[in-house]
1. What strands (runs of 3 or more DSSP E) completely inside the range 272-314 contain at least 1 residues that are farther than 18 Å from residue 329 by Cα?
2. Do we have residue 309 as touching a residue at least 60 places away in the same chain (Cβ under 8 Å) and either out of contact with any helix residue (DSSP H, G or I) (no Cβ under 6 Å at 6 or more places or on another chain) or surrounded by fewer than 16 Cβ atoms within 10 Å (Cβ to Cβ) (or both) here?
3. Scan the range 250-277 for residues that are within 23 Å of residue 211 (Cβ to Cβ), in contact with a helix residue (DSSP H, G or I) (Cβ under 8 Å, 6 or more places away or on another chain) and more than 14 Å from ligand 1 (Cβ to nearest atom) and jot them down.
4. Being under 20 Å from the mean Cα position of the chain (by Cα) and either assigned to a strand (DSSP E or B) or away from ligand 1 (no atom under 16 Å from the Cβ) (or both): is that true of residue 226 here?
5. Consider residue 158 carefully, then state whether it is buried (at least 19 other Cβ atoms within 10 Å of the Cβ), more than 14 Å from residue 263 (Cα to Cα) and either more than 16 Å from ligand 1 (Cβ to nearest atom) or modelled with pLDDT of 95 or more (or both).
6. What number goes with the only condition from (1) free of Cβ contacts under 8 Å to residues at least 24 places away in the same chain; (2) over 33 Å from the mean Cα position of the chain (by Cα) that residue 101 does not pass?
7. State all residues of the range 167-185 that are surrounded by fewer than 17 Cβ atoms within 10 Å (Cβ to Cβ) and under 25 Å from residue 336 (Cβ atoms); if no residue qualifies, say none.
Ligand code: DCP
Ligand code: MG
Ligand code: MN
């Protein structure tokens, strides 16, 4: 979604703003917020300028446009364009940013680096991967094509059953709840990955359990690669355990698998969060914010503005079910399917 800065009245400086907007959109794709906002501000100011700008002197009179952007505007006045924007178009940067961003573990900044090094396709990166790619990014690269395939519902269900079965064996009598969240829980026919959430109903600590479970899943051959695991036995605020890796059924494709274990007191909040959709979560977070709260996967916390800073309170209302959360929000309950927005 490309951003266009707002303007009221006539834009006398389309010759400048149309070029600056291309850079602004590029920084947005790069998730470079600092530059994005600086350009957004400059574009809005220039759109509101009452005359056509033809001289560098006019630009210097505009309040709060930084020196770097001023230089860019002067370059546009002198050459009609920006070298930076021309090079960007020549390299097909926008399309490549999008394509490279689909490699698991490769974010906007790594993509930008790859483009800078001259890579024109994922195939070229595969053929001759640069040394800065870490182990996880190499796995993402190795399974690039496989991960683009959506996972049929029945396969998500099968993988979940195996994980759940083994987890219950390992739990040795402790009552364990395991559920497949994400797009699966919202009833989609196919899923991008498998999102399994677990909790122990006895409320006792779970640290160390996920490490053992993953070990077993490696042994039976369901899990083929591990990217990230955090399952420390330390007391910290976020004492949830998390695994990201790769699973494969016999004769099947490699699939991305996420497994999380949350303490029971956070479970309903985590269930809401991992059920999504991401868009549904955004709208809930926005709603919470408008009421002076911050919503997370662990609860809802008072957000207090003081001296221009936001302080987040540490205690949340305890909710043990999703129904309780909807009730707290004063909203009628929505089924997971109804959250697929
Ligand atoms: N999530 C979120 N914000 C994000 C990413 C994720 O709130 N930026 C939450 C909502 C998602 C859930 O985590 O539903 C799981 O994330 P996935 O990326 O696995 O998304 P889905 O399971 O919804 O879709 P997909 O079928 O692509 O996996
Ligand atoms: Mg998912
Ligand atoms: Mn996921």
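The values are calculated or read from the model by the stated rules, or taken from the named source; none is laboratory data. Everything numeric here is computed off the predicted structure, so don't read it as measured data. Cβ sites come from the backbone with ideal geometry, for glycine too, and all protein chains shown count toward neighbours.
1. 299-306, 309-312
2. No; evaluated as a whole, the condition is false for this residue.
3. 254, 261
4. Details: under 20 Å from the mean Cα position of the chain (by Cα): yes; either assigned to a strand (DSSP E or B) or away from ligand 1 (no atom under 16 Å from the Cβ) (or both): yes.
Spelling it out, residue 226 is indeed under 20 Å from the mean Cα position of the chain (by Cα) and either assigned to a strand (DSSP E or B) or away from ligand 1 (no atom under 16 Å from the Cβ) (or both).
5. In short, no.
6. Condition not satisfied by residue 101: (2).
7. Answer for the range 167-185, where residues must be surrounded by fewer than 17 Cβ atoms within 10 Å (Cβ to Cβ) and under 25 Å from residue 336 (Cβ atoms): 168, 175, 177.
To keep it simple, each residue is scored yes or no on (1) farther than 20 Å from residue 226 by Cα; (2) assigned to a helix (DSSP H, G or I); (3) touching a residue at least 60 places away in the same chain (Cβ under 8 Å); (4) within 16 Å of ligand 3 (Cβ to nearest atom).
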| residue | (1), (2), (3), (4) |
| --- | --- |
| 132 | no, no, no, no |
| 140 | no, yes, no, yes |
| 145 | no, yes, no, no |
| 162 | no, yes, yes, no |
